[in-house]
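Trainee: Let me give you the structure first, and then I'll get to my questions.
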Amino acid sequence: MTLCRYLLGPFFGTIKSMTSSPATSAAGALAADHPLMDGRTADSPLITAYRGGKPSRRPVWFMRQAGRSLPEYLKVREGVAMLDSCLRPELASEITLQPVRRHGVDAGIFFSDIVIPLKLAGVGVDIVPGVGPVLDTPVRTAADVAALPQLTWESLEPIREAVRLTVAELGKTPLIGFAGAPFTLAAYMVEGQPSRDHLGPRTMMHADPETWTALANWAADASGMFLQAQLEAGASAAQLFDSWAGSLGLADYTKYVAPASTRALDHVRHLGAPLIHFGTGTSELLVAMRDVGVDVVGVDYRLPLDEANRRLSGTVPLQGNIDPALLPAPWEILEAHVRDVLTAGAAAPGHVVNLGHGVPPETDPAVLTRVVELIHSIAPE
């Protein structure tokens with residue numbers, strides 16, 4: 001669910017300027033005391049697998065592990081709105097750390113939301129319980145895009161502080177930063193709320209491509225700078241989530257979406273941290289998603305990892321893809337499924353075990369802990 005320390009210029013002011021390329025960062029590489037640079041995480045199982053090496057053990061983490069399935073999460077979140085919890089550094093850090101302590105996973109995933117960059121920019125947005133992100137005013141015209149407010153690097157300080165606090169506690173365990181991909185973020189902005197078919201943004205692509213490009217670029221820069229804030233503050237990898245890209249055909253994705261995702265990642269490539277791209281329902285888009293320029297491709301539960309590796313010609317490590325629907329199944333069924341995932345993942349140049357989507361809120365935490373223990377007990381091939 002942002003601007004960096006260098007000046008991006010007034011490209012938010014007009015449609016024409018928003019279609020230009022993002023400025024090149026003057027920040028350079030990661031700082032010497034960054035976990036990837038000072039020896040804390042560079043040789044961790046997670047980063048080793050992301051870089052195609054042979055890890056000391058099979059790395060595993062779970063999307064949405066930081067949150068709703070944990071009783072300790074529900075306790076600390078009592079009386080605190082979702083977006084408020086993301087912007088309180090101590091609370092966001094604590095929630096990020098909870099599943100690492102409980103499950104012994106090989107990475108923390110930063111607790112936040114893809115619409116936080118909108119919130120920090122001054123866009124009216126909230127998370128409505130039972131609904132999801134809802135904007136005060138949808139963004140549907142060229143004038144709406146031109147009126148979008150400009151983020152400042154200073155507005156991201158709560159994010160950087162939360163990352164710093166978390167990394168200090170994680171030690172040798174890497175933190176993964178994340179952001180919503182431009183299409184998913186822009187889809188929320190056009191619809192004004194969650195949608196089943198995303199007709200609004202899909203129509204805009206064809207009916208008003210100039211406005212779509214401007215909006216997608218705004219979203220790309222917001223997501224890219226959100227990633228940059230996390231990586232520069234101490235995250236050791238970053239994942240771009242395209243939750244709604246599965247609603248697109250390959251031609252539309254390639255023409256109208258891939259350039260914006262590339263633009264988002266352009267903000268952080270120079271930092272040298274592993275970059276992961278994940279979408280749901282995107283089995284037919286995997287090659288195009290890889291080609292935006294990432295190190296790892298996440299695969300949802302719909303496609304076996306050995307087939308995903310075949311489609312990608314064995315070019316990148318994979319992440320995934322235990323089916324969340326099997327988490328409540330009898331242990332012998334779940335164990336067999338996990339072993340099948342490990343076998344299929346062995347075909348790829350590297351494999352980080354994850355779910356094929358997020359942890360369902362009703363998941364028994366003890367099951368996740370047991371899955372981690374099983375994965376760690378099986379030696380890497």
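Any read-out appearing in this document is the output of simple, stated calculations on the displayed coordinates, not a laboratory observation. Because the structure is predicted, anything quoted here is derived from the model rather than measured. Neighbour counts are summed over all protein chains in view; Cβ atoms, including those assigned to glycine, are modelled from backbone coordinates with ideal geometry.
Trainee: Can you give the three extents of the C-alpha atoms in the stretch 27-377 along their principal axes, from longest to shortest, in whole Å?
Mentor: Cα extents, longest axis first: 57, 42, 42 Å.
Trainee: What is the sum of charges around E94, taking Lys and Arg as +1, Asp and Glu as -1, for the other residues whose C-beta is under 11 Å from the C-beta of E94?
Mentor: So the environment of E94 carries a net charge of +1.
Trainee: Take the Cβ-Cβ distance between K172 and E373 as r, set R0 to 25 Å, and report the resulting FRET efficiency rounded to the nearest 0.05.
Mentor: Calculated value: 0.85.
Trainee: Projecting each Cα onto the charge dipole of the chain (Lys/Arg +1, Asp/Glu -1 at the beta carbon, about the Cα centre), which of G52, P365, N354 comes out farthest on the positive side?
Mentor: The residue sitting farthest along the positive end of the dipole is G52.
Trainee: At 7 Å along Cα-to-Cβ for each site, give me the label-to-label distance between D208 and D33 in nm.
Mentor: Placing both labels 7 Å along Cα→Cβ, they lie 4.8 nm apart.
Trainee: Turning to a different aspect of this structure: Place a label point 7 angstrom from the Cα of K54 along the Cα-to-Cβ direction, then list the residues of the stretch 337-381 whose backbone nitrogen is under 12 Å away.
Mentor: Counting backbone N atoms under 12 Å from the label point, the list is 380-381.
Trainee: Determine, for each peptide in 130-139, 364-373, the mean count of other beta carbons within 10 angstrom over its residues, then list the peptides with the highest first.
Mentor: Going from most to least packed, we get 364-373, 130-139.
Trainee: If you don't mind, there's one more thing I want to ask. May I ask you to order 102-113, 151-162 by the average number of other C-beta atoms within 10 Å around their residues, highest value first?
Mentor: Ranking, from highest mean packing down: 102-113, 151-162.
Trainee: State the extension gain, in nm to one decimal, for the chain segment bounded by Q193 and D144, taking 0.36 nm per residue of separation less the distance between their alpha-carbons.
Mentor: Full-extension gain reported as 16.0 nm.
Trainee: Which percent, nearest 5, of DSSP beta bridges in the stretch 27-377 are antiparallel?
Mentor: Close to 15 percent.
Trainee: What is the ratio of the Cα radius of gyration of the stretch 140-254 to 2.2 N^0.38 Å, with N the residue count, to two decimals?
Mentor: Ratio of Cα Rg to 2.2 N^0.38 Å: 1.21.
Trainee: I would also like to ask the following. Order by neighbour count: L248, L36, fewest other Cβ atoms within 10 Å first, most last.
Mentor: The fewest-first ordering by Cβ neighbours comes to L36, L248.
Trainee: Compute the relative contact order of the stretch 27-377 as a whole-number percentage, counting only Cα pairs closer than 8 Å that sit 6 or more residues apart in sequence.
Mentor: 20 percent
Trainee: Then there's this: Quick one: 3J(HN,Hα) in Hz for the stretch 324-338, Karplus 6.51/-1.76/1.60 with θ = phi - 60°, rounded, Gly and Pro as x.
Mentor: x, 5, 8, 4, x, 5, x, 4, 5, 6, 5, 4, 4, 5, 4
Trainee: What size of dipole, in debye to the nearest 20, comes out for the chain about its Cα centre when the only charges are +1 on Lys and Arg C-beta atoms and -1 on Asp and Glu C-beta atoms?
Mentor: Roughly 460 debye for the chain.
Trainee: Still on this structure, please answer the following. Around G67, what is the net charge, scoring Lys/Arg as +1 and Asp/Glu as -1 over all other residues with Cβ under 11 Å from its Cβ?
Mentor: Spelling it out: positives minus negatives among the neighbours equals +1.
Trainee: Efficiency by 1/(1 + (r/R0)^6): what FRET value for L74 and R339, r their Cβ-Cβ distance, R0 = 30 Å, to the nearest 0.05?
Mentor: It comes to 0.40.
Trainee: Run the numbers for V287 and E154: contour at 0.36 nm per residue of separation, minus the present Cα-Cα distance, in nm.
Mentor: Full extension from V287 to E154 adds 44.3 nm.
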